[in-house]
Amino acid sequence: MKIALLTATFSKFSGIDRVVEMQAKKLASQGHKVLILTLESDLKLIKDSIKIINLKMPKNIFWQRIYRLLFFLDFKKINKAAELVRDYDKIYSHQYPMNLIALKAKNKFGAKYIYYNHGLAPAETFNNLFEKIYIIIFRFLTNITAKKADQAISISKYLSKILKKETGLESDIIYDTIDKKKFNENLSGHKIRNKYNLNSNPIILYVGRISPHKGIHLLIKAFNKVLKKVPKAHLLIVGKETFSGYSNKLKSLSKKNVHFTGYVSDSDLPLYYAAADIYASASLWEGFNLPLLEAQTCGLPVIVFDIGPHSEVIDKNGILVDKKNIPAFAKALEIGIKK
């Protein structure tokens, strides 16, 4: 079978694209011919049965966002991309604007269009008016192009309910998975502890995009409270900075013992989990939360806000804290690192 996977970026920085990567490898291992169609790519899959075509978009992050929002105006590229997948048996679209290509291929060539629902953070979780307006328009365009799919898949029950409410689409639930050969409890974190001169001090870890809806400002505020009781504690914040203003705000909030690592390579990321004592996320919205699953698979206790899908993902060693309750979050962190 020939299967096309459509994703706006096929990048090492994106959780969605990690799901696409796993999906591509699984389909290829089942004997299918896989095409990944994207607007930008920095990931490579060395398999004869997987092909990547980069349609390209502006390099500047600001203009990338504008281009993706207004992609419906690029008729030439949409038609060209639809031609590329005209003979494919199934087309999985991982979010707008790629839905436009899948929809064109469905309408023009009768292709089967499957919408893969990763969800979108609500506008109120973003900081400024531009970001809020952007996400409102993006959600609208996502929903009107998703509702015409032949089939839908959601990565959590939480997202499935939202999709049904907003589009009327029923969806199958397929939880995100990770590579357990890469993430497991038999790893050593000495390399990371030595890199940051952390010795045997307690470490709290966060992994993910540096974005307002991830609530990293709340995590830092909670950590600042922890420092009053556990002054040797350290917070490692792993992830690429995507909003410069927000990143500057985080650094101004950080008093001491907060380490911004930037992007971490695939080979080193599991070692950060191995080095940590607790995984913590004060995210205000998630569709699933892949790093939470990675942390638990590495044997870490986790502390997160009780939002969206977290009750579906969290295991018996995890703690759910009421959303935005910073004192309770700080107390849970303090108790966790003292164990």
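The values are calculated or read from the model by the stated rules, or taken from the named source; none is laboratory data. From a predicted model like this one, the values you see are computed outputs, not experimental measurements. Glycine gets a Cβ as well: all are built from the backbone with ideal geometry, and neighbour counts include every protein chain shown. The protein model used for the area step is the full one, side chains on, heavy atoms only, and it has no ligands, DNA or RNA in it. Shrake-Rupley method; radii C 1.70, N 1.55, O 1.52, S 1.80 Å.
Laid out as a table, the results:
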| quantity | calculated |
| --- | --- |
| Cα Rg, Dmax, segment 7-91, angstrom units | 13.4, 39 |
| Dipole magnitude (debye, nearest 20) for segment 107-250, charges at Cβ of Lys, Arg, Asp, Glu | 480 debye |
| Debye log10 I(q)/I(0) at q = 0.07, 0.08, 0.10, 0.11 Å⁻¹ for the chain, Cα point scatterers | -0.30, -0.39, -0.61, -0.74 |
| MRE, 222 nm, helices only [DSSP H, n ≥ 4, -39500 (n - 2.57), over the chain, to nearest 500] | -12000 deg cm²/dmol |
| Length-normalised contact order for the chain - Cα pairs under 8 Å, 6+ apart - percent | 14 percent |
| Net charge dipole size for segment 47-160 [Lys, Arg +1 and Asp, Glu -1 on Cβ; Debye, nearest 20] | 220 debye |
| Cα-Cα over 28 Å, subset of Lys240/Lys323; Lys161/Lys240; Lys26/Lys157; Lys51/Lys161; Lys182/Lys240 | Lys161/Lys240; Lys51/Lys161 |
| Candidates per chymotrypsin sites (Phe, Trp or Tyr not before Pro) in segment 223-282, loop by DSSP, up to 16 other Cβ within 10 Å | Tyr263 |
| For segment 125-259, with +1 on Lys and Arg beta carbons and -1 on Asp and Glu, the positive-most of Val207, Asn128, Leu235 along the dipole | Leu235 |
| Per residue value of the accessible surface for segment 227-334 (all protein chains in place, 1.4 Å probe), Å² | 39 Å² |
| Percent carbon-and-sulfur accessible area, segment 71-151, ignoring ligands, DNA and RNA, probe 1.4 Å | 57 percent |
| Relative contact order [Cα under 8 Å, 6+ residues apart], segment 278-339, whole percent | 33 percent |
| Accessible surface of segment 174-328 [probe 1.4 Å, protein heavy atoms]: carbon and sulfur percent | 48 percent |
| List Met22, Met57, Met1, ordered by accessible area with a 1.4 Å probe, largest first | Met1, Met22, Met57 |
| Segment 15-173 - accessible surface per residue (Å², probe 1.4 Å) | 51 Å² |
| Student exercise, the chain dipole from Lys, Arg, Asp, Glu Cβ charges, in Debye to nearest 20 | 560 debye |
| Protection proxy ranking, peptides 292-302, 314-324, average beta carbon neighbours within 10 Å, highest first | 292-302, 314-324 |
| Highest-fluctuation residue, Leu284, Leu84, Leu100 considered, GNM on the chain with Cα pairs under 10 Å | Leu84 |
